[in-house]
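Bear in mind these aren't lab numbers, they're just calculated from the coordinates by the rules spelled out. Here the structure is a predicted model, which means the values were calculated and not measured. We place every Cβ from the backbone using ideal geometry, glycine too, and count neighbours over all the protein chains shown.
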């Protein structure tokens, strides 16, 4: 029994070893339990943000213009993708979605480390099942119903609705926007993004070390965004867009090469935009899945299809602007006298507004000025109906010659600004252009700057005011500005800010925002002037010398004479033909932009219709028939095909 | 009179199996199977495999291990002593095969011989072979008369497999050899002076090896690479494994979180958890109480092995049982010490519980040999012949 002491020592050593282990276990498991429980628990939780479904956009009759649908999408949470398996995931996703791996790798780089993002568009149930069954090849992957923006109208009303996209720098300054969000970029989506976007929710998942989700621990559901009801009437919108396309076709038939067309239907009684369109258009769906191709993008950029020319197009308004000097002349009693001594006895002596138009004006050291036609004897009323340039040049010269004496030099400019020119109308859509009202100050500023906007020689001259009275020269306006100016004139002087959205209703049905008619200012304009204007606008479409009488001659149908057409009596309008390029030689084609602005019904105006067909030809020949079709619809006449409004019209 | 009474008692007990040892072995194996199941099933299921595939494979090893135990226990201790040189030689051959092109390399270490059913790990089989060979060399010595020559022969014998294993490299197995040899030399009767001298020499060799850069850089890399090789496919660091393991055990608390309720082990947060870190699953799911029970069972096995050593009828049996006890206890201490964050990660599996075939069969064989020694023990405990 001499040996067991050595074995006893060995046994004692092991007893010591085990005692150390027991103490350590006691320390770990019993004495410091609290801390480790928290630590162990937090490891297996992963909190993700749930995108709130974006609110719907409706027209005034409750027809859906933009909505949100749940679609199965592939979501990658890069926090859960081990770095060394990222390439494997990219390759597998490329195979699963049948897309080049470089695209997916680019997306990964784009969204950054630790981001959670969707890959590709909606996936089929089969694809989803496949991914789930082979989830070991897709670390950090989840397939979730994700809100997807849908635009059931596609290209229709696209400029009004807008689109959504990745936030820009300005968007990121907003506290509620994160780089991973998508924000409204344009149209109502852009200007009402705050109301539409809702509040995101969160879900806390239990996950294992490989990112496989085992269950939901806590869930704060997202609050969907509010629904926007617009003032748009989709029926009118449809008619407007169809008419613009037909008008462009008509223009092509007439040998022109129209670039685009835009139009507005505005309610002059409260400033509601009833319809607004710009052709060519785009499909906002292209942007909602974030998968727009380079080719699609380029083709949209080439035609500027993403721009809403109804509020962004800076056009010379041409003769449609004549209503501004016309009303000013009536209010202030400014009538032309230029070169009238050359035509003694050819005016009406009882009418101070009477004027003989021989079609040309001669100034010293200047080429002969041509009116677009020799109109003969006109007065203030017929001057508008026949669109006599000389008459308005005469008004400009009267203003010019008496400037600083009877009135300020900027008499016409101030009146134009009163009616909304040279400033944004304040419509609730982004990127509106203010247009331009030129005056001496503006002219001199740019002459000094030498930026090419004005001639280098000579000063601000009477000729510039002459140009402005006929809506040419440096004056520009957007179609919406024209609509607002006409609306203000025909409604008796109430300047309403145009508006596209009526109200926003939250998910519980409470109205959270109501866009009431907004009177910007009252423009002082006598009733007699308003009545005179309406009468002469009617003369443009129905008078014997009216520039658009041909286009409106069959307003009530081919078998009803215009004189017997009751609804035509309620229609007025004004043509405009803006010179884009003057024909210098015989072979040169003159290029014009066609305008028509219609008003109806004249007794109680509810619609102002503006049509612009850029480089489309003459206002009377092309724009007037286009507007006529829309006015037929608005006056509940049957819409007849758009045919030429005649050659040699203004 | 006295002799007669001893005779009667010993005749009654001789040949009876050690039920306590067998009970502890079976219970530990069973707990091991449950742990392997709980940590592998959720992950296998998530990956779309059968929940039971891992535990079924381990069950086959357990059944095979029981067979190996019974077979080893049936052979007499003398036959084991006589066949020791052949076993040792065969093991050396296997170790050579590993280093030949037949062996395969994983995570920077060439340690396996691929067979159809499983990959053999000869360094595991070398453990009992070395114990038996050392016992054979040391058994003729007399108590406290251990000559330096014999010690030298024992160390020289140990050096042969050590060099082969160092080439793999397998640091864990070398640590086991060192510890086992030390315990066996001590048990065999080295003097205190001899013990101290050996420790000093070992330290000098170790320090000079590092000081003189005898280890080439790639060897160091392979050693450290081995240290880190316990991570699974995540290729996470050793620290990560250990922190996770410690956290999991700590969260078990007094009574554990229950089977399949372990937040970390069941959810695959602890790497290598069915092999090197299987104790983590015990700690988290069964808590302090469960861990103590498992530790108690291991202590029971070590105690029974030392009792076998005391009861062995010759010095060979005594030394083999002590060597196996040292190997077994060392594995348990180092493995659990690693899981609770006391010791560095060395990749020593937990006997009877870690999944894996070679080591389970090795342990079963070693315990079987010890049990053969038990059933043929001396009629008078502690009294044994120098040579049979």
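Report, as an integer, the average count of C-beta atoms from other chains found within 10 Å of each Cβ along B:244-254. Kindly include the intermediate steps, with their values, before the conclusion.
Working: counts 3, 0, 3, 7, 4, 6, 14, 11, 8, 7, 4.
Going residue by residue through B:244-254 and averaging, the value is 6.
Counting other C-beta atoms within 10 Å, which of A:282, A:486, B:19 has the fewest, and how do the rest follow?
Values: A:282 22, A:486 29, B:19 9.
In increasing order of surrounding Cβ atoms, one gets B:19, A:282, A:486.
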(request) Can you tell me what the convex hull of the Cα atoms of segment A:48-230 projects to on average, as an area in nm²? (result) 11.2 nm²
(message) Counting only other chains, and only Cβ atoms inside 10 Å, what mean value do you get across the residues of A:76-83?
(response) 1
(message) Eigenvalues of the Cα gyration tensor times 5, then square-rooted: what semi-axes does that give for the protein assembly as shown, in whole angstrom, largest first?
(response) 103, 26, 22
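For a Förster distance of 35 Å, can you work out the FRET efficiency between the beta-carbons of residue B:119 and residue A:99, rounded to the nearest 0.05? Could the numbers behind the result be given before it?
Working: r = 40 Å, r/R0 = 1.15.
Calculated transfer efficiency: 0.30.
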(request) Return one number: the angle in degrees, 0 to 90 and rounded to the nearest 10, between the long axis of the Cα atoms of helix A:323-332 and the longest principal axis of the Cα atoms of chain A. (result) 50 degrees
(request) Place a label point 7 angstrom from the Cα of residue A:253 along the Cα-to-Cβ direction, then list the residues of segment A:611-647 whose backbone nitrogen is under 14 Å away. (result) A:621-627, A:629, A:640-647
(message) On the Cα set of segment A:449-538, report Rg and Dmax in Å, please.
(response) 19.9, 65
(request) Give the percent of DSSP beta bridges with both residues in the protein assembly as shown that are antiparallel, rounded to the nearest 5. (result) 95 percent
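Averaged over all directions, how much area does the convex hull of the C-alpha atoms of segment A:167-322 cover when projected, in nm²? Intermediate results must be reported in sequence, preceding the final value.
Values: hull surface 59.7 nm².
Result: 14.9 nm².
Relative contact order of chain A, please, whole-number percent, based on alpha carbon pairs below 8 angstrom and at least 6 residues apart. Kindly include the intermediate steps, with their values, before the conclusion.
On the way: 1388 pairs, mean separation 91.5, N = 650.
In percent, rounded to a whole number, it is 14.
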(message) Taking R0 as 22 Å, what FRET efficiency do you get between residue A:173 and residue A:106 from their Cβ-Cβ distance, rounded to the nearest 0.05?
(response) 0.25
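Given the alpha-carbon gyration tensor of segment A:150-190, what are the semi-axes of its equivalent ellipsoid in whole angstrom, ordered largest first, with each equal to the square root of 5 times an eigenvalue? Please list the in-between numbers first.
Details: eigenvalues 103, 18, 8 Å².
Result for segment A:150-190: semi-axes of 23, 9, 6 Å.
Enter the mean number of other protein chain beta carbons within 10 Å of the beta carbon of each residue in B:310-323, as an integer.
Values: counts 6, 0, 1, 0, 0, 1, 0, 0, 4, 0, 0, 1, 5, 0.
Partner Cβ neighbours, averaged per residue: 1.
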(request) Rank the residues A:297, B:148, B:80, B:374 as a footprinting-exposure proxy: fewest other Cβ atoms within 10 Å of their Cβ go first. (result) B:148, A:297, B:80, B:374
(request) Give the Rg (one decimal place) followed by the Dmax (whole number) of segment A:49-150, computed from C-alpha coordinates and expressed in Å. (result) 15.6, 55
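Could you compute the FRET efficiency for residue A:455 and residue A:298, with r as their C-beta to C-beta distance and R0 at 30 Å, rounded to 0.05?
On the way: r = 37 Å, r/R0 = 1.22.
Computed FRET efficiency for residue A:455 and residue A:298: 0.25.
Compute and list, largest first, the equivalent-ellipsoid semi-axes of segment A:382-422 from the alpha carbon gyration tensor, each √(5λ) rounded to a whole angstrom. Could you put the intermediate results ahead of the total?
Working: eigenvalues 79, 50, 8 Å².
Calculated on Cα positions only, the semi-axes equal 20, 16, 6 Å.
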(request) In square nanometres and to one decimal, what's the mean projected area of the convex hull around the Cα atoms of segment A:498-570? (result) 8.8 nm²
(message) For chain A, take the longest principal axis of its alpha carbons; what is the angle in degrees between that and the long axis of helix A:440-449, to the nearest 10 within 0 to 90?
(response) 60 degrees
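Tell me, A:113, A:22, A:386, A:610 in order of fewest to most beta-carbon neighbours within 10 Å? Could you put the intermediate results ahead of the total?
Working: A:113 11, A:22 16, A:386 24, A:610 32.
Least to most surrounded, the residues fall as A:113, A:22, A:386, A:610.
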(request) For helix A:527-542, report the angle its Cα long axis makes with the longest principal axis of the Cα atoms of chain A; keep it between 0 and 90° and round to the nearest 10°. (result) 90 degrees
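By how many nm would the segment from residue A:238 to residue A:363 lengthen if fully extended, with 0.36 nm per residue of separation less the alpha-carbon distance?
Numbers: separation 125, 0.36 × 125 = 45.00 nm, distance 4.91 nm.
Length difference between fully extended and current span is 40.1 nm.
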(request) Run a plain Debye calculation on segment A:376-477 (Cα atoms as equal point scatterers, no solvent) and give log10 I(q)/I(0) at q = 0.10, 0.22 Å⁻¹, rounded to two decimals, same order as the q list. (result) -0.33, -1.22
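By per-residue mean of other Cβ atoms within 10 Å, what is the highest-first order of A:264-277, A:367-380?
Working: A:264-277: 25.6, A:367-380: 16.4.
Ranking, from highest mean packing down: A:264-277, A:367-380.
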(request) Could you work out how far the C-alpha centroid of segment A:247-284 sits from that of segment A:507-554, in angstrom? (result) 18 Å
(request) Would you list the P(r) distribution for segment A:129-204, with all Cα-Cα distances sorted into 5 Å bins from 0 and each bin expressed as a whole %? (result) 3, 12, 19, 18, 14, 13, 10, 8, 3, 0
(message) Can you give the log10 of the normalised intensity I(q)/I(0) at q = 0.09, 0.12, 0.18, 0.19 Å⁻¹, computed with Debye over equal Cα scatterers of segment A:318-522?
(response) -0.42, -0.69, -1.29, -1.38
(message) Could you work out the pair-distance distribution P(r) of segment A:350-429 from its alpha-carbon pairs, with 5 angstrom bin width and percents rounded to whole numbers?
(response) 3, 13, 17, 17, 19, 17, 8, 4, 2, 1
